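Please read the structure below before turning to the comments.
The values are calculated or read from the model by the stated rules, or taken from the named source; none is laboratory data. These numbers were taken from a predicted model, which means no experiment stands behind them. Backbone-built Cβ (ideal geometry, glycine too); neighbour counts: all protein chains shown. Protein only, heavy atoms only, side chains kept; ligands, DNA and RNA dropped before computing areas. Shrake-Rupley method; radii C 1.70, N 1.55, O 1.52, S 1.80 Å.
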Amino acid sequence: MSESRLREQITLFGKSLFDRGLTMGSSGNISARLDDGWLLTPTNSCLGRLDPAAIAKLDKDGNHLSGDPPSKEGFLHRAVYEERAGAGAIVHLHSTHSVAVSCLPEVDARDVLPPLTAYYVMRVGTLPLVPYYPPGDRTLAEAVRGLAGKHSAMLLANHGPVVAGKTLEAALYATEELEETARLYLLLHGRNPRCLTPEQVTALQK
Ligand SMILES: [Zn+2]
């Protein structure tokens, strides 16, 4: 996909996320890989009102080349791109239900959400919890880097999801599936739901 088309797609998807309340204020950021670097939404920008021409362009090492100053969370995206050669795009949100789950003390940090539905298993799979670090702490990038090789989606504790996909559309759909599953998990909390069995999960992973 051309750079200009990717800029339009980031703008369109950002507005879609904002319009549905999946991102608020200037939180959240979206990136897409290019042949010679990557695009990243600007710092302090609202995903609902992006200007395609102002989206930041960075080189492969994360140096700012053009557009508005990039999101300060760019180091998260860079860590994932460097560990996942097949990642074409990354979505990071502070979406309400995912953040709520990321604050629960009793979740399994190796895989936060149970296999409630087939689409969650197929689009997200396992979801590790990354320990909490303050915003901008570079230790967070190293924690993400340590998990990104094996996992396309991660949940940052008391913060939100980071989801990579082959395409921007795939990253977006997986992020939405994660958010909806977090919502289901909270709705079902304390009700002992019937989850997919290990055999059913294995069959979906094939
Ligand atoms: Zn964040």
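Below, the figures for the structure above:
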{"quantity": "Complete set of residues in the stretch 84-117 that are within 11 Å of Thr181 (Cβ to Cβ) and out of contact with any Pro (no Cβ under 6 Å at 6 or more places or on another chain)", "calculated": "His97, Val101, Val112, Leu113, Pro114, Pro115, Leu116, Thr117"}
{"quantity": "Boolean, Gly37 is more than 16 Å from the ligand (Cβ to nearest atom), under 22 Å from Glu142 (Cα atoms) and of a type outside the set (Lys, Arg)", "calculated": "yes"}
{"quantity": "Residues within the stretch 159-169 that are hydrophobic (A, V, I, L, M, F, W, C) and closer than 18 Å to Arg7 by Cβ, tallied", "calculated": "1"}
{"quantity": "Search result, residues across the stretch 126-156 that are more than 23 Å from Gly190 (Cα to Cα) and in a loop (DSSP other than H, G, I, E, B)", "calculated": "Pro131, Tyr132, Tyr133, Pro134, Pro135, Gly136, Asp137, Gly149, Lys150, His151, Ser152"}
{"quantity": "Residue satisfying condition, being of a type outside the set (S, T, N, Q) and over 20 Å from Ser26 (Cβ atoms), within set Pro115, Pro134", "calculated": "Pro115"}
{"quantity": "Of the criteria (1) open to solvent by 50 Å² or more (accessible area, probe 1.4 Å); (2) away from the ligand (no atom under 16 Å from the Cβ); (3) in contact (Cβ under 8 Å) with a residue 40 or more places away in the chain; (4) assigned to a loop (DSSP other than H, G, I, E, B), which one His94 fails", "calculated": "(2)"}
{"quantity": "Arg20 vs. criteria under 20 Å from Ala174 (Cβ atoms), more than 16 Å from the ligand (Cβ to nearest atom) and open to solvent by 20 Å² or more (accessible area, probe 1.4 Å)", "calculated": "yes"}
{"quantity": "Total residues in the stretch 97-113, condition in contact with a helix residue (DSSP H, G or I) (Cβ under 7 Å, 6 or more places away or on another chain) and either farther than 15 Å from Leu172 by Cα or open to solvent by 60 Å² or more (accessible area, probe 1.4 Å) (or both)", "calculated": "6"}
{"quantity": "Residues that are under 15 Å from the mean Cα position of the chain (by Cα) and closer than 17 Å to Asp51 by Cβ, drawn from the stretch 19-36", "calculated": "Thr23, Gly28, Asn29, Ile30, Ser31, Ala32"}
{"quantity": "Qualifying residue in the stretch 69-80 (condition: open to solvent by 20 Å² or more (accessible area, probe 1.4 Å), without any contact (Cβ under 8 Å) to a residue 40 or more places away in the chain and either of a type in the set (A, V, I, L, M) or part of a loop (DSSP other than H, G, I, E, B) (or both))", "calculated": "yes"}
{"quantity": "Criterion: within 16 Å of the ligand (Cβ to nearest atom) and either of a type in the set (Val, Ile, Thr) or more than 15 Å from the chain's Cα centre (by Cα) (or both) - qualifying residue of Val101, Val124", "calculated": "Val101"}
{"quantity": "Set Ala171, Ala203: member being within 24 Å of Ile90 (Cβ to Cβ) and small (Gly, Ala, Ser)", "calculated": "Ala171"}
{"quantity": "Residue that is surrounded by the fewest Cβ atoms within 10 Å (Cβ to Cβ) [pool: residues in the stretch 23-60 that are over 25 Å from Glu179 (Cβ atoms) and among the basic types (Lys, Arg)]", "calculated": "Lys60"}
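Residue by residue, here is whether (1) part of a loop (DSSP other than H, G, I, E, B); (2) surrounded by fewer than 22 Cβ atoms within 10 Å (Cβ to Cβ); (3) within 14 Å of the chain's Cα centre (by Cα) holds:
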residue	(1), (2), (3)
Ala85	yes, yes, no
Tyr119	no, yes, no
Asn158	yes, yes, no
Tyr173	no, yes, yes
Tyr185	no, yes, no
